[in-house]
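**Student:** Provided herewith is a single structure, encoded as structure tokens, for subsequent inquiry.
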Amino acid sequence: MTLKPTVVQVVIDKPLAQGFDYLWDAEKLGKLPEIGNVVAVPFARSKVIGLVIKVSNHSDYELSKLKSVESLAPLPVFDPGLLRLMNFASQYYVHALGETILPVIPQMWKKADDWKKIPERLKLAAKKSKKRLDVISEGLITQDQLNPNQKVALNKLLGGAEKKEKQFRAILLQGQTGSGKTAVFLNWLASILNDESAQALLLVPEINLTPQLERRISAYFPDKKMAVLHSGVSEKKRGIAWYEAMTGKAQIILGTRLAALTPMPNLRVIVVDEEHDPSYKQQDGTRYSARDLAIWRAHDQKIPILLSSATPSLETWLAAQSGRYENIRLDQRAQGASLPNVHLINTRNPQNQFSPGDAGAPRQKSLITKTLGNAITKSLAEKKQSLILINRRGYAPVLSCSACNWLSKCTQCSTYTVMHKAGALSKRSVLNCHHCGLVKPIPQFCPDCGNADLKTLGHGTQKLEDAIEAMWPQARVLRVDTDSSRKSNGAEALFAQIHDGNVDIVVGTQMIAKGHDYQNIGLVAVLDADSRLYSADFRAAERLFAQLVQVAGRAGRSGTSGQTGGDIYIETQYPESPVFQYLLRHDVDGFLAFTANEREEAKLPPYSYQALIHAEGKSLDQAIRFLNELKARIKSRGMISRELKVYDPVPKPVMRIAGAERAQLLIESGNRKVLQEALEIIDQELRQESTGRISKTSRIRWLVERDPIAI
Ligand code: ADP
Ligand code: ZN
Ligand code: ZN
């Protein structure tokens, strides 16, 4: 009797729709294959990592022509729940299964030649972690210490669990910044994690937010193993943390969007903190929304998911309003302080501006209005910290010639290069493109006319820092942006200076705005709100509103009952616009209801579904032609109907980046399924004439993106 050979189907990280068959030699590999095994296989004269998605005894190909699996990773299998999630993501985001799954595997596990050494490494790491001193923990608020509002919220969360053991629940925990949401959900997790095998997944939008939450979690769960997964963790640590999540050893998995795709055999609960944050959307590769996938995963695995925010996304808020999600509210600041007073400074009003001769007036035209200047002076006198936000790093967004029309354009992109002061990016001042990274010395003379008088236009964090140092020479000023955090010991070191009270005025980008629990900030100011108000993107106002509520939330957090919650000043030319008016009243629900109305009337998401087809090539013409031809084909197949709208291709907002010219085609439908089917057909059509995702005839690189968040 001849034994039937074992054949496995393996997917790899390539834009290929299908998997590949390989023979499995159980004797050589030491065991029989299982779905979810990570393996190394020969592929096109090299060796690649893949995942087993099928095991059988036959192949559609001639068995004698099949190659064999070379080696098997010393890893447990991917759990079936995760595999279902991956299958869904691959289909929904119209991306091959392999290129959706393989990127979740940390680098450490992608080097098959090192697999033999890994068990030894893991043993060493385990020894080390036993020796490790206790993590500094902080901020434990026990169940008994919760305020009455928080207790009600916690009881609602706990109450749901008694209903039925295994049940999907989606809960929106909505409450202003500082209302104690984190304290509530950590207490809730504590009850779920009483089960020694249960695993919890906690997602945060940004790596800068993990250290503080990490410390809080370790205060609540001193005995539990936590796996921290984000791009700021070293490859080795991440590889080990991922392994501990996958084996069920780590009970708490804390991480940014990629962590939503971690194998977790005993997943019992998911929390998505700041669920509205755009960072949950992956912007390359499989362009998934980690929040949306987390909700799908919870639904599929019949577990609860909690979405927490002070400014929920419109999608989530509507789901809670309609009763599809539970809605739990916390409407007061945990420590009793009231909300910050919002002040809108109309920059068109001369009364708000310095006049020459005013006390404290700066010599040059000020970046700061008189009204704000006076408020900062007062805040300094009261020994409160001030936080001043401007959404542009660098010294000035463009350099210009005072004699001709020369502007510092990037040679590679359709954008301007930003001037950076000496010391920020290099020893000298430079021009830097924030899109392609190009760095060039500042020209001494205008390259067009030879004029020596070159001027900066507009302002960024560095210019503002200079201006503030000049106006308040006695104040300690700290700049926080990606440049300064790269130079110091990372953002965490800068935040620590603020927390420790070693700073009077902080100047920074929105990096300082999110989530941080600063205790002594009395004043927050936003200088360039208008630039983000009028944008082609229909989500601009929603995003600005959320950001402003977040920054406002940094002020006056520690105040106790009856104390003011600090002040937020917004400089704008359009104080009457709805974003600012709703902010003035702290009316998050009002703003969301208003926005929902607007979207419904315009049939924009979430009242319709969208996808973008991206195209990039050597010239814009070619990219547009490629998309026009695609549109014609969609039309000739009779796919365009009242249910499916295909717009005309347009250049992208930033048309050229690093030499590639880019265009996009927007497709929209009121029906999710209609859109899904259309995208699948488009994907098939394009694949037939492409190698990977590059068209064979026109050399255009294309990509399908579902639910884009920036248009
Ligand atoms: P949120 O997540 O809504 O921003 P947090 O849970 O971070 O709110 O709470 C804000 C601040 O209030 C934190 O410093 C936290 O330690 C503190 N806090 C939360 N709940 C209480 C409570 N019941 N009593 C005292 N302080 C609390
Ligand atoms: Zn010139
Ligand atoms: Zn560039």
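The values are calculated or read from the model by the stated rules, or taken from the named source; none is laboratory data. Given the structure is predicted, the values throughout are model-derived calculations rather than measurements. Note that each Cβ is placed from the backbone with ideal geometry, even for glycine, and that neighbours are counted across all protein chains shown. Heavy atoms of the whole protein, side chains included, go into the accessibility calculation; ligands, DNA and RNA do not. Shrake-Rupley method; radii C 1.70, N 1.55, O 1.52, S 1.80 Å.
**Student:** Output yes when any residue across the range 54-64 is at pLDDT 95 or above and open to solvent by less than 20 Å² (accessible area, probe 1.4 Å), and no when none is.
**Tutor:** no
**Student:** Oh, and also: I want to confirm something. Restricting to the range 97-110 and keeping residues that are open to solvent by 10 Å² or more (accessible area, probe 1.4 Å) and over 22 Å from the mean Cα position of the chain (by Cα), which single residue is nearest to GLU235 (Cα to Cα)?
**Tutor:** Applying the filter and picking the extreme gives MET108.
**Student:** Looking at the range 446-489, which of its residues are of a type in the set (Asp, Glu) and farther than 10 Å from GLY508 by Cα?
**Tutor:** ASP448, ASP453, ASP466, GLU469, ASP483
**Student:** If I ask for residues that are assigned to a loop (DSSP other than H, G, I, E, B) and touching a Ser or Thr at 6+ places or on another chain (Cβ under 8 Å), which ones from the range 298-312 would you list? Before you say what the answer is, go through the steps one by one.
**Tutor:** Pass one, the range 298-312, residues assigned to a loop (DSSP other than H, G, I, E, B): 302-303, 310-312.
Residue satisfying the conditions is ALA310 alone.
**Student:** If you check every pair at least six apart or on different chains, which have Cβ atoms under 9 Å apart with a residue in the range 576-603 that is acidic (Asp, Glu) first and a residue that is open to solvent by 70 Å² or more (accessible area, probe 1.4 Å) and at pLDDT 95 or above second?
**Tutor:** Within 9 Å, the pairs are ASP589/GLN321; GLU600/TYR607; GLU601/TYR607.
Yes/no per residue for (1) of a type in the set (Val, Ile, Thr); (2) part of a strand (DSSP E or B); (3) open to solvent by 20 Å² or more (accessible area, probe 1.4 Å):
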{"site": "THR371", "(1), (2), (3)": "yes, no, yes"}
{"site": "ALA375", "(1), (2), (3)": "no, no, no"}
{"site": "LYS378", "(1), (2), (3)": "no, no, yes"}
{"site": "GLY394", "(1), (2), (3)": "no, no, no"}
{"site": "SER414", "(1), (2), (3)": "no, no, yes"}
{"site": "LYS427", "(1), (2), (3)": "no, no, yes"}
{"site": "HIS434", "(1), (2), (3)": "no, no, yes"}
{"site": "LYS440", "(1), (2), (3)": "no, yes, yes"}
{"site": "ARG479", "(1), (2), (3)": "no, yes, yes"}
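**Student:** Kindly indicate the residue of the range 487-513 that is open to solvent by 30 Å² or more (accessible area, probe 1.4 Å) and either closer than 30 Å to GLU601 by Cα or not in a helix (DSSP H, G or I) (or both) and also modelled with the highest pLDDT among those meeting that condition.
**Tutor:** Once the filter is applied, the top-ranked residue is ASP504.
**Student:** Also, quick follow-up: Output the number of the condition that ASN341 fails; it satisfies all remaining conditions of (1) among the polar types (S, T, N, Q); (2) more than 22 Å from GLY175 (Cβ to Cβ); (3) open to solvent by 40 Å² or more (accessible area, probe 1.4 Å).
**Tutor:** Answer for ASN341: the failing condition is (2).
**Student:** Moving on. Considering every residue within the range 237-257, establish whether at least one is touching a His at 6+ places or on another chain (Cβ under 6 Å) and more than 16 Å from ligand 2 (Cβ to nearest atom).
**Tutor:** yes
**Student:** Residue by residue through the range 623-645, note down the ones that are in contact with a Ser or Thr (Cβ under 6 Å, 6 or more places away or on another chain) and closer than 15 Å to ILE700 by Cα.
**Tutor:** PHE626
**Student:** Related question: Considering the range 581-628 alone, what residues qualify as being under 26 Å from LEU675 (Cα atoms), of a type in the set (D, E, K, R) and at pLDDT 95 or above?
**Tutor:** Passing the criteria: GLU598, ARG599, GLU600, GLU601, GLU616, ARG625.
**Student:** Step by step: first the residues of the range 669-701, then only those that are assigned to a strand (DSSP E or B) and more than 17 Å from TYR647 (Cα to Cα), then the one that is most open to solvent (accessible area, probe 1.4 Å). Which residue is that?
**Tutor:** ARG701
**Student:** I would also like to ask the following. Of the conditions (1) more than 16 Å from ligand 1 (Cβ to nearest atom); (2) over 24 Å from the mean Cα position of the chain (by Cα); (3) crowded, with 23+ Cβ neighbours inside 10 Å, ALA153 satisfies every one except a single condition; which number is it?
**Tutor:** Against the list (1) more than 16 Å from ligand 1 (Cβ to nearest atom); (2) over 24 Å from the mean Cα position of the chain (by Cα); (3) crowded, with 23+ Cβ neighbours inside 10 Å, ALA153 comes up short only on (1).
**Student:** Is there any pair with a first residue in the range 691-707 that is free of Cβ contacts under 8 Å to residues at least 40 places away in the same chain and a second that is in a loop (DSSP other than H, G, I, E, B) whose Cβ atoms are under 6 Å apart and which are 6 or more apart or on different chains, and what are they?
**Tutor:** What qualifies is LYS696/GLU689.
**Student:** Looking at the range 456-474, can you tell me whether even one residue there is within 16 Å of ligand 2 (Cβ to nearest atom) and either closer than 28 Å to SER619 by Cα or surrounded by fewer than 21 Cβ atoms within 10 Å (Cβ to Cβ) (or both)?
**Tutor:** Taking every residue of the range 456-474 in turn, at least one turns out to be within 16 Å of ligand 2 (Cβ to nearest atom) and either closer than 28 Å to SER619 by Cα or surrounded by fewer than 21 Cβ atoms within 10 Å (Cβ to Cβ) (or both).
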